[in-house]
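Student: Okay, handing you the structure first.
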Amino acid sequence: MNWRDHLRARLLEIRPDSVCALDAAARQLAAEALPDAPVYPHDNRAGQPCALALGIEALNGLDSQQAQHLVSQTRLYVAPRILLAVTADCALDEDTFRALGFILSATDPTEKMRIHYYDLDTYKMVPDWLNARFWAHPERWEP
């Protein structure tokens, strides 16, 4: 399976209510794979966050700082899920994507492409110690 087929399959699996396309190639792929979902351009959102941001050529030509800024802005203000296709010469390496909370979804060694996925819901699992059982002890309070 090549990287485009993998992106299409992931879009069909996720089935977002709306897509923010970070570039023209992403807009075309999202419109083909999800004909019923609205696809918004990155710079002209409808005033509300999208369910998923998709980027294919969005990081091409950006240096590391610009790419991290785009990813951070997208994650904070555009969509809680991001699906990015990046080339081997992308300014962000796999360790940087991992540090930003992405998981490697697929690789296509023939075309030297990687697919990275970020989901806010699964970004960090809540540790067992971080719950009311360890923090709230009403029996210890004296009136």
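The values are calculated or read from the model by the stated rules, or taken from the named source; none is laboratory data. Remember, it's a predicted structure, so these values are computed and weren't measured experimentally. Glycine also receives a Cβ, built like all others from the backbone with ideal geometry; neighbour counts cover every protein chain displayed. Surface accessibility is based on the protein's heavy atoms, side chains included, excluding ligands, DNA and RNA. Shrake-Rupley method; radii C 1.70, N 1.55, O 1.52, S 1.80 Å.
Student: Place a +1 charge on the Cβ of each Lys and Arg in the chain and a -1 charge on the Cβ of each Asp and Glu, then give the dipole magnitude about the Cα centre in debye, rounded to the nearest 20.
Tutor: Dipole about the Cα centre, nearest 20: 200 debye.
Student: Between residue 123 and residue 60, what is 0.36 nm times their sequence separation minus the Cα-Cα distance? Round to one decimal in nm.
Tutor: This chain segment gains 20.2 nm when fully extended.
Student: Still on this structure, please answer the following. By accessible area of protein heavy atoms, probe 1.4 Å, what ranking do 77, 117 get, highest first?
Tutor: From most exposed to least exposed: 77, 117.
Student: Another question, then. Accessible area of the chain with a 1.4 Å probe: how many percent of it is carbon plus sulfur?
Tutor: The C+S portion of the solvent-accessible surface of the chain is 52 percent.
Student: Another question, then. For n ≥ 4 DSSP H runs only, could you compute -39500 (n - 2.57) per run for the chain, divide by its residues and tell me the 222 nm figure to the nearest 500?
Tutor: After summing the helix terms and dividing by the residues of the chain, the value is -8000 deg cm²/dmol.
Student: Dividing the alpha-carbon radius of gyration of the stretch 4-117 by 2.2 N^0.38 Å (N being the number of residues), what value is obtained?
Tutor: Relative to the rule-of-thumb radius for its length, the stretch 4-117 sits at 0.97.
Student: Now a separate question. Rounded to the nearest whole Å², what accessible area per residue is found for the stretch 61-106 with the 1.4 Å probe?
Tutor: I get 52 Å² per residue for the stretch 61-106.
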